[in-house]
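Notes to accompany the following structure.
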């Protein structure tokens, strides 16, 4: 009986690291929806930002002291009846490593911009390790595309690792309203990231109406903000109102937080609110997001 118990304890100890590794999410999908700039089209714009962890990929020998991994990511936008309105497979290859025991294995990211009709969808991403067929990871996110309406409403909040900046580069997936955006995968702010930046768009605001923009970072069940800020905006006719801001994270401890963005009018009435999740990990390096090509 004692021998059997020892065997079970030993087996359990061996399975814990394996279970932990399997529990690690290898594919991260960040999704943000925006209004279609073409008001004649009933639908919306979806920006999909996919990040594959390089830590758990299988590295294949490519030459003397040269190892490289590979992965494919299949993205699908599926209606409730199971029909796919969008499907695409992207092949990713992280940088070549000279030593596969290296502690840091950089993640790889890409971004897609989709235009979808109004309706309910499931956005599905499936990652496959090219050198280990059994290794897959599937992530699904519910997606609602709406257009129209007359009330002021915010787009999704996009978390950034760098401040939104004007760009003279021709339009691509990383630019919105003339601003170059560098996403923060998974809302992670790690070592060396001392500021949080965000981007959002406000629709249907009354032109020339002064607006108050407030934003705060607060942990779950906390009664005080970990960080907060305020700004101002003034809408223009015929285009969305771009909202950007930043928060100082130097005194924000590790943990999970909610970033709340509020837009108020001159009478201090709330016009629209949007929220997103933030994770602060000052002891660890956060994934480096893809940058504009």
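When 1/r is averaged over all different Cα pairs and the result inverted, which Kirkwood radius in Å belongs to the chain?
21.4
Is the shape of the stretch 23-66 rounded, prolate or oblate, going by the alpha carbon gyration tensor and its root eigenvalues a ≥ b ≥ c, with a/c under 1.5 for rounded and a/b larger than b/c for prolate?
prolate
Got the relative contact order for the stretch 26-148 handy, in percent, Cα pairs under 8 Å and 6 or more residues apart?
Once divided by the residue count of the stretch 26-148, the mean separation gives 32 percent.
Report the percentage of all Cα-Cα pairs in the stretch 52-124 whose separation exceeds 19 Å, rounded to a whole percent.
Everything past 19 Å amounts to 49 percent.
Restricting to Cα pairs below 8 Å that are 6+ residues apart, what does the relative contact order work out to for the stretch 149-293? Please round to a whole percent.
30 percent.
Normalise the Cα radius of gyration of the stretch 109-197 by 2.2 N^0.38 Å (N = residues in it) and let me know the number.
Normalised Rg, Cα atoms only: 1.38.
Gaussian network model of the chain, Cα springs within a sub-10 Å range: biggest mean-square fluctuation belongs to which of 29, 97, 159?
97
Using the count of nearby Cβ atoms within 10 Å as a rough guide to exposure, how do 86, 197 rank from fewest to most?
86, 197
Label-point separation (nm) for residue 42 and residue 283, each offset 7 Å from Cα along Cα-to-Cβ?
In this crude spin-label approximation the distance works out to 5.3 nm.
Please report, for the Cα atoms of the stretch 26-148, the Rg to one decimal and the Dmax as a whole number; what are they, in angstrom?
17.2, 59
On a C-alpha basis, how far is the centre of the stretch 79-147 from the centre of the stretch 203-235 in Å? Whole number, if you could?
32
Using the Cα gyration tensor of the stretch 149-293, with a ≥ b ≥ c the square roots of its eigenvalues, what is the shape: rounded (a/c below 1.5), prolate (a/b larger than b/c) or oblate (neither)?
Here the stretch 149-293 falls in the oblate category.
Given the DSSP H assignment, sum -39500 (n - 2.57) over each helix run of at least 4 residues in the chain and divide by its residue total; what's the result at 222 nm in deg cm²/dmol, nearest 500?
After summing the helix terms and dividing by the residues of the chain, the value is -2500 deg cm²/dmol.
What full-extension length gain, to one decimal in nm, is calculated for residue 267 and residue 93 as 0.36 nm per residue of separation minus the Cα-Cα distance?
Stretched out fully, the residue 267 to residue 93 stretch lengthens by 57.4 nm.
How much length, in nm to one decimal, is gained on full extension between residue 79 and residue 172, taken as 0.36 nm per residue of separation minus their Cα-Cα distance?
Roughly 30.8 nm would be gained on extension.
With a cut-off of 8 Å between alpha carbons and a minimum separation of six or more residues, what is the relative contact order of the chain in percent?
Once divided by the residue count of the chain, the mean separation gives 16 percent.
The numbers here are math on the coordinates, done by the rules we state, and not lab data. As the structure is a computational prediction, the values presented were derived from the model and not from experiment. Every residue, glycine among them, receives a Cβ derived from its backbone with ideal geometry; neighbour counts consider all protein chains shown.
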